[in-house]
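The values are calculated or read from the model by the stated rules, or taken from the named source; none is laboratory data. These numbers were taken from a predicted model, which means no experiment stands behind them. Every residue, glycine among them, receives a Cβ derived from its backbone with ideal geometry; neighbour counts consider all protein chains shown. Just the protein is used for accessible areas: all its heavy atoms, side chains included, with ligands, DNA and RNA removed. Shrake-Rupley method; radii C 1.70, N 1.55, O 1.52, S 1.80 Å.
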Amino acid sequence: MLGNSVLFLIISIIAGVIGFFDMAGAASAIAEILSVLFLVLFIVSLFTGRRR
């Protein structure tokens, strides 16, 4: 999931440089959502993970 977030971030940067600002905004929003979702799931897994 973090890899997908980085991929969409790179796509948004490239699209912004080329001039496709609508696509860059959409890719940036997707990257932001995936990053927040990754962080939330990571924190939840830290608290609910198995302990040996």
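Quick notes
- Region 26-52, residues that are part of a helix (DSSP H, G or I) and of a type in the set (D, E, K, R): 32
- Among the residues of region 33-49, those that are open to solvent by 50 Å² or more (accessible area, probe 1.4 Å) and without any contact (Cβ under 8 Å) to a residue 24 or more places away in the chain comprise 33, 36, 39, 40, 42, 43, 44, 45, 46, 47, 48.
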